[in-house]
1. Starting from the amide H of VAL130, placed 1.01 Å from N in the peptide plane, find each other amide H under 5 Å away whose residue is 5 or more places distant or on another chain.
2. Could you run the Karplus curve 6.51 cos²θ - 1.76 cosθ + 1.60 with θ = phi - 60° over segment 426-439 and give me ³J(HN,Hα) per residue in whole Hz, x for Gly and Pro?
3. Kindly state, to the nearest 0.05, the FRET efficiency for GLN67 paired with VAL414, given R0 = 51 Å and r defined as their beta-carbon distance.
4. Is there a quick way to get the dipole size of segment 238-442? I mean about its Cα centre, with the Cβ of Lys and Arg at +1 and of Asp and Glu at -1; what is the value in debye to the nearest 20?
5. Round to the nearest 10 and give me the degree value, 0 to 90, for the angle of helix 185-194's Cα axis relative to the longest principal axis of the chain.
6. With both bridge residues required to lie in the chain, what share of the DSSP beta bridges run antiparallel, to the nearest 5%?
7. P(r) for segment 20-95: what percent of alpha-carbon pairs falls in each 10 Å bin, starting at zero?
8. Calculate the dipole size of segment 17-172 relative to its Cα centre from +1 charges on Lys and Arg beta carbons and -1 charges on Asp and Glu beta carbons; express the result in debye to the nearest 20.
Amino acid sequence: MSRSHTPRRAARAPQSKICVIGAGYVGIPTAGVLASRGHDVVLAERDDYRFEELEKGNLPIVEPGLQELIDEGRIAERIHFVRSAVEGVQDCDFVFLCVPTPQGDDGAADLSYVKEASLEIGPHLAPGCVVINKSTVPVGTADLVARAIGRTDISVVSNPEFLREGTAVADSLHPDRIVVGSNDAHAASAVAELFAGMGGAMVLTDPTTAETIKYASNAFLATKISFVNAMAALCEAVGADIKDLVLGLGFDKRIGFEFLSPGPGWGGSCFPKDTAALVHIGKEHGYEFSLLQGAIDCNVEQIERVTAKIATMAGDLKGATIGVWGVTFKAETDDRRSSPAIAIVRKLVDAGARVRVYDPTLSERDRDAEDLAGVEITSDPFEAARDAKVVALLTEWQMFRWLDHAQVSEVMEVPAIVDARNLLDPDSMKRHGFRYMGIGRS
Ligand code: UDX
């Protein structure tokens, strides 16, 4: 089955009872969107902290607009929270698996949460229930889930999620496309109906292709960023300017501007693990994905390159105070998983620097965080810059653009900045007395 079409603005699907398993960056927006479409949603989360926060009316993650979406669902009594997936799936028409698939030691996705959840819920699913996999999973996982559930009256559908952290609500409410992969046409159309009329194209396909589409999307975007980071390095070598170069590229409609911002490397919960997993999938099936491996290597180099810029600015990292602005993997999220900023901070600490960080999402809870061990957490960007030899801007929080940079220069030991997101205006920084290093421009 391989069809693709843009759905007509369909009448809203009849109300269904839906369980979403896993209250994370995918599960909570999924639950919110389904509730906003009139469905009765149970969100199952077994982690005590996450569950208790949800029960108190809070969110366990930072995501713009999500609190409002969940509050609406709660006020309309369309969202409820339970600890146990077994309890959550009772009498449900649909169950969404939104559990983590972290990277295993060999680069492959660790499917233990997916498997565990499937085994657990199998005997408790209502006859005819459709189980939908939203977690990013290797080819063949729909079969693995079906086997773990072990019932012929249950269909498994792959429906990968493409939302970005920071814009998860808008991405979920207005998807570019909805991919539904199943060998059961009836189940596929029931799932497609849940999302009908949302405006995105509907791609109906088999589960293997649906699973591969998710990896292909993330691998393509990561490769695009690695390409621009490599071009930035070349710009530095030949004396070209990456900002103008991207303008010259992006106006070509075949290329576009999206995902062409150079930075300290790509990170987050998806790109690093999904690119590694796709290389691994290729190897397992006899294909050496050297293009993607190149993009991964380039990303490792980018983290080294930014660290080297900071070292060059500082002269010697040993004993130097380095102010770091931003530690999340990108702005508008509190997520530090596989954050290039954290990788750089760790390298600075290892080199003997005294690192003072500021990030608007850090709180008291982070004082004991392992990834920030040996680092001083400050409560504002001026404090982070105090007595520093260099400030490294690593996450593109807009607030850093609008700071009083003259005041920043006064509190530093010497005004020097490595702007790893090209967020600041080099001329203005130089006017304030800063030595300035961006990415791919002077
Ligand atoms: C990504 C995919 O975009 C999303 O479709 C998928 O469902 C999950 O993975 P996310 O991890 O939230 O989403 O972040 P994204 O906005 O894609 O950024 C990923 C990384 O690339 C970040 O570290 C970001 O800073 C970096 N990036 C992004 C750049 O360095 N330059 C860019 O131009 C864009």
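Please treat every number below as a calculation from the coordinates, not as lab data. Since the model is a prediction, treat every value here as computed from it, not as a measurement. Note: ideal-geometry Cβ built from the backbone for every residue, glycine included; neighbour counts use all protein chains shown.
1. Sorted by chain and number, the residues that satisfy this are PHE94, VAL95.
2. x, 5, 5, 5, 5, 4, 7, x, 7, 7, 10, 10, x, 10
3. Working: r = 42 Å, r/R0 = 0.82.
The computed FRET efficiency comes out at 0.75.
4. Values: 25 positive and 32 negative charges, 82 e Å.
My answer is approximately 400 debye.
5. Approximately 60 degrees, to the nearest 10.
6. Details: 5 of 48 bridges.
Percent antiparallel among DSSP bridges in the chain is about 10.
7. With a bin width of 10 Å, the distribution comes to 21, 61, 17, 0.
8. Values: 13 positive and 25 negative charges, 76 e Å.
For segment 17-172, the charge dipole is close to 360 debye.
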